[in-house]
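Comments concern the structure below.
The values are calculated or read from the model by the stated rules, or taken from the named source; none is laboratory data. Remember, it's a predicted structure, so these values are computed and weren't measured experimentally. Cβ atoms come from the backbone with ideal geometry, glycine included; neighbour counts cover every protein chain shown.
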Amino acid sequence: EPEVTQTPSHQVTQMGQEVILRCVPISNHLYFYWYRQILGQKVEFLVSFYNNEISEKSEIFDDQFSVERPDGSNFTLKIRSTKLEDSAMYFCASSGQQGASGNTIYFGEGSWLTVV
Amino acid sequence: GEDVEQSLFLSVREGDSSVINCTYTDSSSTYLYWYKQEPGAGLQLLTYIFSNMDMKQDQRLTVLLNKKDKHLSLRIADTQTGDSAIYFCAEISTDSWGKLQFGAGTQVVVTP
């Protein structure tokens, strides 16, 4: 079964450092997303991406965050200058199309980011 | 704003049925989902239901939707120890596709 893959599974970084989380969405999917889950809290939407541009972003997704699809397969989330409160599990997700023909959104295993 | 609420914990005996409940507030919800998260793992899509449906069955899983009351439930028949996990309810609306609104998750513990 096709799956969304994420690397690294766990990263520890010092406050102020840049971090890039990588994702390979399901190959024929068109929509890509990042979510995060701070320990003990709800899974929160960060950003959606379609046709090489951001479709929607949440209030959390400020100027410290950016996303990119550098080639035909990878989808990355960059945090420019990490803060302690960025420590969380980051989930990448993808879906085929909007609406009835692409209503299933598949998640990766997550990348656990610890900022110290 | 939109909100999704779930009970936090459910204990069930192996072999019994589990029922996990969820309520949501967004009246423009079009799809409602159940995801399963095992310890240290990602979010596994279990099933989903379109808002014009009342019920969907998929093997041991039955989803019931009461759109009037904005209430969603997931029934797991013949619960097994492998069903122990956190179950997340999530909703999405067509005007904000991809922006899933998650509940806090229900921890299900299956006891022998």
Complete set of residues in region A:47-85 that are in contact (Cβ under 8 Å) with a residue 40 or more places away in the chain and crowded, with 20+ Cβ neighbours inside 10 Å: A:75, A:77, A:82
Given the structure, is residue B:23 out of contact with any Phe, Trp or Tyr (no Cβ under 9 Å at 6 or more places or on another chain), among the β-branched types (Val, Ile, Thr), under 21 Å from residue A:42 (Cβ atoms) and not in a loop (DSSP other than H, G, I, E, B)? yes
Within region B:27-41, residues in contact with a helix residue (DSSP H, G or I) (Cβ under 7 Å, 6 or more places away or on another chain) and either at positive phi or part of a strand (DSSP E or B) (or both) come out as B:30
Of the residues in region B:68-97 that are assigned to a loop (DSSP other than H, G, I, E, B) and within 27 Å of residue A:48 (Cα to Cα), the one that is modelled with the highest pLDDT is B:70
Just one of (1) modelled with pLDDT under 90; (2) farther than 20 Å from residue A:106 by Cβ; (3) part of a strand (DSSP E or B) trips up residue B:108, so point out which. (1)
Return yes or no: is residue B:36 out of contact with any Ser or Thr (no Cβ under 7 Å at 6 or more places or on another chain) and basic (Lys, Arg)? yes
Residue A:41 fails exactly one of (1) surrounded by 13 or more Cβ atoms within 10 Å (Cβ to Cβ); (2) within 11 Å of another protein chain (Cβ to nearest Cβ); (3) among the polar types (S, T, N, Q); (4) within 28 Å of residue B:106 (Cα to Cα), namely (1)
Flag for residue A:30 being over 26 Å from residue B:103 (Cβ atoms) and within 11 Å of chain B (Cβ to nearest Cβ): yes
With respect to residue A:3, is the statement that it is at pLDDT below 95, acidic (Asp, Glu) and within 23 Å of residue B:3 (Cα to Cα) true? no
Test result for residue A:41, over 13 Å from residue A:67 (Cβ atoms), touching a strand residue (DSSP E or B) at 6+ places or on another chain (Cβ under 9 Å) and free of Cβ contacts under 8 Å to residues at least 12 places away in the same chain: yes
State yes or no: is residue B:12 free of Cβ contacts under 8 Å to residues at least 60 places away in the same chain, over 18 Å from residue A:41 (Cα atoms) and β-branched (Val, Ile, Thr)? no
Pick from region B:7-46 the residues that are modelled with pLDDT of 90 or more and at the interface with another protein chain (Cβ under 10 Å from one of its Cβ atoms): which of them is surrounded by the most Cβ atoms within 10 Å (Cβ to Cβ)? B:43
